[in-house]
Every structure is written in structure tokens, then in C-alpha cells.
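Since the structure comes first, as C-alpha cells, the remarks are kept for the end.
None of the figures in this text is laboratory data; all of them are computed from the coordinates on show. This one's a predicted model, so the numbers in the text were calculated from it and none came from an experiment. FYI the Cβ positions are ideal-geometry reconstructions off the backbone, even for glycines, and counts take in every protein chain you see.
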Amino acid sequence: MIDTFKIGIAGLGTVGCGVIEILQNHKDMIKARAGREIEIVAVSARSQKDRGIDMSAYDWCEKSAALADHEQIDCVVELMGGDDGPAKTLVQSTLESGKHVVTANKALLAHHGYDFAIIAEQQRAGIGYEAAIAGGIPVVKALREGLAANQITAISGILNGTCNYILSTMEDTGRDFDDVLAEAQSLGYAETPPDLDIDGIDAAHKLCLLSALGFGVKPDFDRLSIEGIRNVTAADIQTAKNKDQVIRLIGKATKEGAVMKPEYIPVSSPLAAIKSAQNAVLISADPVGDIFLTGAGAGRGPTASAVVADIIDLARGNIRPVFGISALNLK
Ligand SMILES: NC(=O)c1ccc[n+]([C@@H]2O[C@H](COP(=O)([O-])OP(=O)(O)OC[C@H]3O[C@@H](n4cnc5c(N)ncnc54)[C@H](OP(=O)(O)O)[C@@H]3O)[C@@H](O)[C@H]2O)c1
């Protein structure tokens, strides 16, 4: 009889609560898939408020860092966010103590993923981060496992739902950027302040990780060239339309480097058909050809779906090289 796989969750917001819901509501299915029970042992957040979910069976940790040293825990699920501070401390100390980590935190991995990968390899621990890139779309598994026999030649993607919502709504309605941004904020598609999204930073964090996975380079956020969408005007969108084109915030990675910027693309491109807050990734690889993945890049259910898939993977005993090859061989 294999032991129960025990997890601790730091961060009980949109994604954290979504993960608990899946684990509570689909216990038997998840046990069957993982080959053993997955049990939440402890949780942590800033405040112990009611979140509409029964968490009475879980230990409460006042400080998230306590999860790393928790004797019973096999895997810490970091869903707090932030590229430094408590999230970094927790992930680093969890890996140093030889436990696995699952995180949705692209900012953290884009800045510290290489160091974490080195520690994980030394400790034979796994890092699951499917949810960090394009939410519910299983692009990490596609690149790292499904396409392992291929030479990746290019990865292009629409990696930020807020920007895509704004650009495709400007295209459909002829309205100005500021007007559509305000609407996106009122609908909850855009944060206030919106800078991380509209300046292309959030999408670039994801592109940085895709580059590492596709081209065996160290994730190094400072190497990316980044331009957001705040200067795209209704006139630009009209100019594109006149040429049978659309404007999308496109991240493109090749072995030469990675660039995030608004681009004019022909309406015939599969990326042009991506509307509203959807995400998409186009992988060009040899010998398989083009693979196009599309779906929800964010939101409680889709993001939690990817987090739980990683937990199941680790419970099965699947520990992969974090960026597809040994961290020591990343260039
Ligand atoms: N939301 C999405 O659709 C989505 C999609 C892909 C990836 N992600 C990533 O998933 C992560 C979580 O996102 P989210 O949307 O769930 O965020 P969120 O709703 O803001 O929740 C964040 C949670 O972390 C807790 N927290 C924040 N700082 C903390 C600290 N210093 N110590 C302990 N707990 C702390 C908060 O506690 P309180 O509740 O007590 O304030 C809250 O429960 C982020 O890295 C984000 O980039 C999110």
C-alpha cells in the first residue's frame, strides 16, 4: 500500500481555493489517477477569513514558511504570487528540504527558476509549474514530454488574456484603448493597476519560461525585449483591418532570443482567431511540424486544473528535469 501524498497550500485566493475545491470534489477520481490518496495537511494565507470552503481538517500555518519544515508534507503548493519575498523564501526552503513544489507563479520562476532548478536537481525534488504558463493549457507537458523527440524551431503565443481582451474588443467595436481598459477592469479581466498586464511584463514572464523549455536556455528575464500594448490606438487597429490584419500582443521565442511586442498579423494566422481573454501557443518543431494549443489562460477552474495535474504527476512519482534538460546543461 503506497503512502498518502501529503500537501500544504500557501495562498488561498482565486487559484488556491480552486485547487482545494477540485481536490475535495473529485477525491476518488484523483486517487485513481494518482495511484494514491492526495491529502491536504496544512494551509496558509495572510488572513484566516471564511472563504466559503470547509478547511477545518487542515492545520493552519500563520507563516507560509512553516510549510517547508512541516514534517508530514511531501509537496508545497505555492499560490501566493510575487517574484520575491515570502513566495521565494517558501519555494527555496521547500526545495532545500527535499520536498516537491507546485506553483502557478510565473514571475517567481522567470526571475529565480534557474536557481530553483539547480536545487531541485540536487535534492531530487520536482517543480510543477504547468499553471504558470497559459493557465489551463498543458503547454509545459507538451514541450517537455510530448515533443521531447523534436527540435523546437519557434514558439509564438498569445499569453495574456487581458491584453488580448483589450485588443480584440478594440477591433470588434472601434473603441479607444483607455475606454476598453476601463471596461476590462470593471469586468475583472484587468487588475488595478493594470501595468503588469498592459506593459507586457506578465506575458514576458511566461515567454521567458517557454524559451527555457523550448531552447534549453536559462530562464533570464533581463534578456527579453518587451513592449506592451498601451500605445496601440484605434487608428492602428483600423490600419491593420484595412490590410486584412489584426494586432495581437505576440511573444516569440527562437534560439536567437525572445521578444514580446504588439504585432500586425494576417487574419489567416491561427493566432488572429484568438479573441477575448483566450490564450494560444503555436509551437513549430521538427519533425512534428506545427502544434497549436488554445484555451483559457487564467481563471479559477482552468488554473487550478493545471495545478492539480502537477500534484497528481508528482504523487505518481514523476520528477522531470525542470526545463526539459538537466539544469547544469542550460545555456
Ligand atoms: N488568477 C489566475 O487566473 C491565475 C492564472 C495563472 C497564474 N496565476 C498565479 O497564481 C498565483 C495566485 O494567484 P491568485 O489569482 O490566486 O491570487 P489571489 O487571489 O490574490 O490570492 C493570493 C493568496 O495568497 C495569499 N497571500 C498573499 N501574500 C501572502 C503572504 N505574504 N503570506 C501568506 N499568504 C499570502 C493571500 O492571502 P489573503 O487571502 O489572506 O489575502 C491570498 O489567499 C499568482 O502567482 C498568479 O500569478 C493566477
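Applying 0.36 nm per residue to the separation of I325 and L187 and subtracting their alpha-carbon distance, the gain on full extension is 45.6 nm.
Nothing charged except the Cβ atoms of Lys and Arg (+1) and of Asp and Glu (-1): what's the magnitude of the dipole of the chain about its Cα centre? Round to the nearest 20 debye.
Working: 31 positive and 42 negative charges, 140 e Å.
Using Cβ point charges on Lys, Arg, Asp and Glu, the chain gives about 680 debye.
Where is the GNM fluctuation largest for the chain (alpha-carbon springs, 10 angstrom cutoff): D50, D115, D69? Largest GNM mean-square fluctuation: D50. Against the chain, whose longest principal axis is taken from its Cα atoms, helix 177-186 shows a tilt of about 30°. If you run the Gaussian network model on the chain, springs between alpha carbon atoms under 10 Å, then out of P302, P287, P219 the most flexible one is P287.
Beyond 18 Å in Cα-Cα separation lie the following of the pairs K99/K206; K27/K99; K63/K106; K206/K255; K141/K261: K99/K206; K27/K99; K63/K106; K141/K261. Computed about the Cα centre, the dipole magnitude for region 140-296 is approximately 520 debye when only Lys and Arg (+1) and Asp and Glu (-1) carry charge, each at its Cβ.
Ignoring the sites themselves, the chain has its longest run without GluC sites (Glu not before Pro) in a DSSP loop having at most 16 other Cβ atoms within 10 Å at 72-190. Have a look at the DSSP beta bridges in the chain and tell me what percent are antiparallel, nearest 5. Within the chain, antiparallel bridges account for around 60 percent of the total.
Report relative contact order for the chain in percent, whole number only (criteria: Cα-Cα under 8 Å, sequence separation at least 6).
On the way: 716 pairs, mean separation 72.8, N = 331.
After rounding, I find 22 percent.
What you get for region 247-295, charging only the Cβ of Lys and Arg (+1) and of Asp and Glu (-1), is a dipole of about 200 debye around the Cα centre. Backbone N atoms of region 180-200 closer than 15 Å to the 7 Å Cα→Cβ label point of N231 belong to residues 199-200.
Note on the chain: dipole from Cβ charges, positive end direction compared against I311, N329, S225; the farthest Cα belongs to N329. Straightening the chain between T153 and V288 buys 47.5 nm, computed as 0.36 nm per residue apart minus the Cα-Cα spacing.
Taking every DSSP beta bridge that has both ends in region 140-296, the antiparallel portion is near 95%.
Separation of region 118-165 and region 1-68, taken as the distance between their Cα centroids, equals 24 angstrom. Helical runs (DSSP H, four residues minimum) scored at -39500 (n - 2.57) apiece and divided by the length of the chain put the mean residue ellipticity at 222 nm at -11000 deg cm²/dmol.
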